[in-house]
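The values are calculated or read from the model by the stated rules, or taken from the named source; none is laboratory data. All values reported here derive from a predicted model rather than from experimental measurement. Cβ placement follows ideal geometry from the backbone for every residue including glycine, while neighbour counts extend to all protein chains displayed.
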Amino acid sequence: MRDRKLSTNIVGVAISGPSPKYVVDSIVEAEQEGIPAVWLTSGGGSGDSLSVLAAAAARTDKILLGTSIMRIWSRHPVTTAEQVSTISSIAPGRFRLGVGSGINSTVERTFGVKFHSPLTHISEYIHIVRTLLHSGSVSFKGSCYTACSELPGISDDVPVMSSALGPKSYEMAGKVADGAISWVTPHSYATGEALTILQESSHAVQRTTPSLILHAALCITDDICEGKRGVRSRLGYFPTIPFYSDMFARAGFSNSAKSGWTDEMIDSILICGTEHQASQELDFLFASGVSEILVTVVFDPGKHASIARSMRFVSDYCKEVDS
């Protein structure tokens, strides 16, 4: 079973909305605008991410479709593999699966499960899904999951990736996943210590280094303060979550659980400014070893003009890189 590398120098956009139909329509519109890739998160009013992406797959032709992330507690890995295989048959070569544990308090409240050993759960989950998709069958008995199943066909064009925050999650991704997906992670930490761990752990088990998908907030604007306000509005609660505050502390920002977003923390994850300035930042990140960049478009709640400008920038940047 070969390691699956993603395309490089792609900028994808996180899509969300008040309803599944809104999200599907937004994905169709993104393809029409020339956006090369979209990603869906879990929860909110957007609906089940795999179901929404199946609908989007039937209405689009070339845009890449991914989850960032699908919470593993929502379904057994065999069920996930079956659903992903179905989507892949509708959109060959376009689907990318990212899975993760989610936030412990939310998971326990939503699914009624005991949140424990998240990395073991994710590792076994990825092994089952990846083996089933890439080889067509799996027989596995682990400490968290058991699976014995076959699929009618092979979907070896689907990369199976993991969310990653701290060192252990990057180490795990290096050993079993096709990619590591960051979220609100300071870029210097992701391209420094985290990428080094990803490389070393994959080399230790003689694997190709998985792709690093770097999350960034993006705001194309002439007003830098708009981007900062956008981060606080759109991504406001993340620094207070224990998993994330631990990650920020490791990246050099202590006490984020109390301070919330400081300007320095925002600067570490935000790409903001004119098109030229943003292009330079993206070029630097790709040169630092990032395979793809996943952006959340942020904006001042009272000003929506920068949304269209940011989306247009992503399209233009990717066209220029591809030419």
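Of the helices (runs of 4 or more DSSP H) lying entirely inside region 152-250, those containing at least 3 residues that are over 29 Å from GLN280 (Cα atoms), modelled with pLDDT of 95 or more and small (Gly, Ala, Ser) span 195-204. Out of curiosity, is ILE213 within 25 Å of ILE27 (Cβ to Cβ), without any contact (Cβ under 8 Å) to a residue 24 or more places away in the chain and surrounded by 15 or more Cβ atoms within 10 Å (Cβ to Cβ)? No, not satisfied. Among the residues making up region 27-55, those that are among the hydroxyl-bearing types (Ser, Thr, Tyr), touching a strand residue (DSSP E or B) at 6+ places or on another chain (Cβ under 7 Å) and part of a helix (DSSP H, G or I) are SER46, SER49. Might you let me know whether region 283-293 holds any residue that is assigned by TED's automatic domain parsing to the domain that holds THR209, more than 18 Å from the chain's Cα centre (by Cα) and surrounded by 19 or more Cβ atoms within 10 Å (Cβ to Cβ)? No, region 283-293 contains no residue that is assigned by TED's automatic domain parsing to the domain that holds THR209, more than 18 Å from the chain's Cα centre (by Cα) and surrounded by 19 or more Cβ atoms within 10 Å (Cβ to Cβ).
Listed here are the residues, each with its yes/no results for (1) surrounded by fewer than 22 Cβ atoms within 10 Å (Cβ to Cβ); (2) farther than 23 Å from VAL298 by Cα; (3) in the same structural domain as ILE293 (by TED's automatic domain parsing).
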site: SER149; (1), (2), (3): yes, yes, no
site: MET172; (1), (2), (3): no, yes, no
site: PHE248; (1), (2), (3): no, no, yes
site: PHE253; (1), (2), (3): yes, no, yes
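Restricting attention to region 294-306, does a residue exist that is of a type outside the set (A, V, I, L, M, F, W, C), within 20 Å of the chain's Cα centre (by Cα) and part of a helix (DSSP H, G or I)? Within region 294-306 (the criterion being of a type outside the set (A, V, I, L, M, F, W, C), within 20 Å of the chain's Cα centre (by Cα) and part of a helix (DSSP H, G or I)), the answer is no, since none of the residues qualifies. Taking the condition among the small types (Gly, Ala, Ser), farther than 27 Å from SER137 by Cβ and surrounded by 21 or more Cβ atoms within 10 Å (Cβ to Cβ), does GLY12 pass? Criteria met by GLY12.
Residue count for region 255-276 under the criterion of being part of a helix (DSSP H, G or I) and closer than 20 Å to GLY12 by Cβ: the result is 2. Among residues that are surrounded by 19 or more Cβ atoms within 10 Å (Cβ to Cβ) and either assigned to a helix (DSSP H, G or I) or of a type in the set (Gly, Ala, Ser) (or both), ALA58 is not included. The residues of region 64-103 that are in a loop (DSSP other than H, G, I, E, B), under 17 Å from the mean Cα position of the chain (by Cα) and within 21 Å of SER117 (Cβ to Cβ), listed by number, are ILE69, SER101, GLY102, ILE103.
Looking at VAL129, VAL184, VAL231, VAL158, just one residue is at negative phi, outside the structural domain of ALA81 (by TED's automatic domain parsing) and hydrophobic (A, V, I, L, M, F, W, C), and that residue is VAL231.
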